[in-house]
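Here is the structure we will look at.
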Amino acid sequence: MPRYEEEAHARELLALLELRFARPSAPVALAMEGAGVHWHVDARAGARSCRVHTFHYNREGAEYYLVLSEGEGAPALAKGRTRSLDVVPHVLQAWLLDETPLHELYSRFPFIDRQKRALEALRGKVDVVLERLGSSRRCSFKREIGDFYTLTVEGDGRSCELEAPQPGSEARCTFSHLGTNLAVGATSDVDALATAVGQWLDSGARVDPLTREFSFVQGEPHASSYEQGRYAEWLWDFHIAHARRSQASGSWDPMVAHLPLLERMARHPTIRRFFVFTSHEVLCFSRCPVYPFSTAGLPAVIPDQRSRAPGAGSGLARYTVRASDRKLEGSAEEVLQFVEEILTAEGDTTFYGSVERRES
């Protein structure tokens, strides 16, 4: 008996395909392989092949991820996901035996390359508008992993990431600066969306004017603070407020263990100008807000078990802090003084972006 649902789905699929193709007139070679939660079924006929990965989700059930190829060792030509077991043999029949061209396959099975084709169509429309506006910017289409693709437009530290509409939905855009999202927009009017993209990239528009001109664009809560150079301060307030809510509700948040320390540190401008994030339960300081972070030589604070306990107050909280070759174990007040000393010596070295992409 299969230990994991993914294996059970793969075995069920293999049995169905053997019934469908186990005849001389359908010379399809079938094989199943996998371990743990990673299982797939391979089907091949001549030069064409299809690998079907099986997945399982607690609410939705089975999912079948098809990867279509042609030629030994050739890259995938098309990919698609479906929750219908019954549709998989029909795709294999069309691809492997009928040698159906891709464009016909798309018509018959719209889930194949759905996101890729939608983004390519959106790319064409946005590029036409940008050219009409006299912009030199153009969309960049990229496969990130598997069947997930991104469509972005870049320009002098600013960028826009576009999402293609599903049938009946709106096109979406995220407006960013050096990797920090500052606004989002959603509309069925692609021309207006592309015009907003051009304004953001070429005109250096700020968020408020952009939202006034394009009613479908909404600024993020931190946008104004970011543009005023106070993003680190906004993040300190955000982290503390979120940790307090988590503590009150009993939900898990790695910042909760640091709350007594964060509340003290937030009153010190020298500390508050740096960005903070958690790696597991370690509180890390960074010169920039976006990964990969700039942390070399800056403090990293580890809470002890008493700080992690529900309801731990500032009197019980204890921490270990490391910075380069220096180390201190102590109370929130002792760690505060240690961190402030290090960050005072560091000076104001903060910047927007990341170590790979920073403001000039």
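Couple of notes before you dig in:
- A residue that is part of a helix (DSSP H, G or I) and at pLDDT 95 or above occurs nowhere in segment 292-315.
- Residue in segment 114-131 that is outside any helix (DSSP H, G or I) and in contact with a strand residue (DSSP E or B) (Cβ under 8 Å, 6 or more places away or on another chain) present: no
- For segment 98-109, the criterion of being in contact with an Asp or Glu (Cβ under 7 Å, 6 or more places away or on another chain), among the charged types (D, E, K, R) and more than 25 Å from Glu7 (Cβ to Cβ) is satisfied by no residue at all.
- Residue pairs meeting the criteria (Cβ under 9 Å; at least 6 apart or on separate chains; first more than 20 Å from Tyr57 (Cα to Cα), in segment 1-24; second among the acidic types (Asp, Glu)): Leu16/Asp86
- Cross-chain or 6+ apart pairs with Cβ under 7 Å, segment 225-246 first and more than 15 Å from Ser286 (Cβ to Cβ), then part of a helix (DSSP H, G or I) and β-branched (Val, Ile, Thr): Glu227/Val207; Ala243/Val256; Ser246/Val256
- Residue match in segment 272-286 (condition: assigned to a helix (DSSP H, G or I), surrounded by 15 or more Cβ atoms within 10 Å (Cβ to Cβ) and modelled with pLDDT of 95 or more): yes
- Residue satisfying all of: in segment 13-34; of a type in the set (A, V, I, L, M) and modelled with pLDDT under 90; least open to solvent (accessible area, probe 1.4 Å) among these: Ala26
- In the set Asp237, Asp253, only one residue is charged (D, E, K, R) and open to solvent by less than 40 Å² (accessible area, probe 1.4 Å); that residue is Asp253.
- Condition check for Gly155: buried (at least 16 other Cβ atoms within 10 Å of the Cβ) and not aromatic (Phe, Trp, Tyr): yes
The values are calculated or read from the model by the stated rules, or taken from the named source; none is laboratory data. The shown structure was predicted, so the numbers you read here are calculated from the model rather than taken from an experiment. FYI the Cβ positions are ideal-geometry reconstructions off the backbone, even for glycines, and counts take in every protein chain you see. Just the protein is used for accessible areas: all its heavy atoms, side chains included, with ligands, DNA and RNA removed. Shrake-Rupley method; radii C 1.70, N 1.55, O 1.52, S 1.80 Å.
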